[in-house]
Each structure stands twice: as structure tokens, then as C-alpha cells.
Amino acid sequence: MKTRVAALALTAAMSLAQAQDTKVVIGISGWTGFAPLTLAKEAGLFKKHGLDVSIKKIPQKDRHLAIASGDIQCAATTVETWVVWNANGVATTQIFQLDKSYGADGMVVKPNISKISDLKGKTVAASAPGTSPYFALAWMLKKNGLSVKDVKVVNLEPQAAANAMISGTTGVDAAMTYEPYLGAVRAKPEAGKIIATTLDYPMVMDTVGCTPKFLADNPKAAKAWPTAISTPWR
């Protein structure tokens with residue numbers, strides 16, 4: 001009887017060790033809404049739920065390439081971006097919602113621009129097509145009777161786009177960015193102003209997703225993701 005109990009205990013211990021050894025690399029950007037992932041890792045919550053998580057900062061425009069190459073197995077990004085990735089042959093599955101943007105994404109413009117429709121024929125800095133900033137730009141323009149064809153888009157990542165406004169870069173009339181870079185523009189009103197955010201146009205929602213192979217190979221690990229993230233912070 002003692003031998004059987006010891007064997008069962010050893011098996012349980014080995015199963016726990018195996019679960020804790022489930023390695024996964026997740027790709028994120030510097031977006032503040034992804035902070036729960038970093039906090040969960042630093043607080044040991046992923047480890048507690050059987051996940052050995054590594055986090056890599058990868059620009060949104062390149063994250064799908066990292067997934068396709070196998071460099072990462074999971075990522076955090078916006079819903080419409082997952083759609084674009086899958087449409088372009090990068091198979092992924094969203095597994096849980098991480099956040100919604102309540103004013104943390106937005107459009108900043110030069111002081112002389114009073115409304116979004118004034119951007120017709122002007123230059124807007126935004127990330128590449130297939131990213132959240134580009135989608136937000138297209139959405140805001142459409143809601144104001146324009147399209148991306150009515151403006152000139154220069155591809156700059158959110159931090160660089162905000163910096164272009166702050167430094168007064170010639171030829172850049174507006175930019176799509178997000179916090180904390182949105183706040184940097186707010187702090188320098190002489191360089192630009194925030195003309196619209198996701199409070200005005202609520203269309204940005206982030207989720208976490210993984211490759212179908214990772215989910216199939218690690219069903220328990222996949223279920224542990226949202227459990228670790230939702231653990232009370234106290």
C-alpha cells in the first residue's frame with residue numbers, strides 16, 4: 001500500500017513538473033494594455049499555473065512573422081490584426097480577451113488642424129497596414145467621410161509617430177499613436193493636439209492567441225493562460 005501511495009505521489013509530482021515546464025514565448029509591443037502579461041510573469045503567476053513564459057517585444061507589423069517562423073508560439077494583439085494574419089496564411093486562434101482601449105489609442109494633429117476631415121490631402125504617420133494604428137486611422141477617416149486614399153500615409157511605429165509630432169517634423173500633419181506616447185504629445189500642446197481617441201471611436205480590443213499546434217499540444221497550458229491573468233492582484 002505504501003509503495004502504491006509513493007508511486008502515485010511520484011506520478012503527481014512528475015505531472016506537475018511537466019506542466020510547469022510547458023515553455024511558451026509570447027510576442028507583445030510596448031502598449032500599456034499588455035502590462036498584465038508582464039506583471040503575471042514577474043509575480044510568478046504563470047509559473048504557479050504551469051507555464052514557463054518568455055516575453056518578447058516585437059513590433060505589431062512583424063509579430064506574425066515571428067509566429068510563422070516558430071520564434072514565438074503566442075501573441076497579444078488586436079482582433080482585426082488576427083483576422084489579417086489568418087487571411088495571409090499565419091494560422092492562429094484567439095483564446096481570451098485581454099483589454100479594451102478606453103482613450104489610450106488616438107490621433108494627434110498639428111495645432112492648425114481643427115477636424116479630421118481637414119486631413120484630406122495631408123500626411124499621416126501610422127504603422128503599416130494590418131496593424132491597429134492603421135486600422136484606427138482607416139476607421140476614423142471613414143467616420144469622417146474620408147478613406148486612406150485621401151491622405152498620404154507614412155509608416156512609422158507609434159513611438160516614432162508621436163516623436164515626429166513632438167519634434168515638429170516637416171511634412172507630418174498627423175499621427176496615430178497610443179499610450180504612453182499619446183501622453184507625451186498631450187504634454188507638449190504647442191507641437192500638436194489629440195483630436196480623437198478610442199473614447200470617441202471605440203474600436204480597439206486586444207486578445208491573446210496562439211498557434212493551433214501549440215494549443216493542440218498543450219491543452220492544459222492553454223486553459224492556464226486566462227486563469228493566471230485573472231488572478232486578483234493582492
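A short reminder: the numbers here are calculations on the coordinates, not readings from a lab. Only a predicted model underlies this, so the values are computations on that prediction, with no experimental measurement involved. When we count neighbours, we look across all protein chains shown, and the Cβ atoms used for this are built from the backbone with ideal geometry, even at glycine.
Summary of computed values
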| quantity | calculated |
| --- | --- |
| Efficiency of FRET between Lys57 and Lys100 - r from beta-carbon atoms, R0 22 angstrom, step 0.05 | 0.55 |
| Helix-only [θ]222 nm of the chain, DSSP H runs n ≥ 4, -39500 (n - 2.57) each, per residue, nearest 500 | -11500 deg cm²/dmol |
| Net lengthening on full extension, Ser167/Thr227 (0.36 nm per residue, minus Cα-Cα) | 17.3 nm |
| Rg over Rh [alpha-carbon atoms, Kirkwood Rh] for the range 149-208 | 0.98 |
| The range 105-197: C-alpha pair distances exceeding 22 Å, % | 12 |
| Farthest positive-ward along the chain dipole, Cα basis, beta-carbon charges - from Pro189, Ala91, Pro133 | Ala91 |
| Test item: Cα-centred dipole of the range 22-102, Lys/Arg +1 and Asp/Glu -1 on Cβ, debye | 160 |
| Dipole in debye (nearest 20) - the chain, about Cα centre, beta carbon charges: Lys, Arg +1; Asp, Glu -1 | 360 |
| Descending Cα extents along the principal axes, the chain, whole Å | 83, 39, 25 |
| Footprinting exposure proxy for Val84, Val109 (fewest neighbouring C-beta atoms within 10 Å first) | Val84, Val109 |
| Simple Cβ-charge dipole of the range 164-210, Lys/Arg +1 and Asp/Glu -1, about Cα centre, in debye nearest 20 | 120 |
| Total lysine pairs whose alpha carbons fall under 18 Å of each other in the range 105-197 (8 or more apart, or interchain) | 22 |
| Calculated from backbone phi, Karplus (6.51, -1.76, 1.60) coupling profile of the range 82-98 in Hz, x at Gly/Pro | 4, 4, 5, 4, 5, 5, 9, x, 9, 5, 8, 9, 6, 10, 6, 7, 9 |
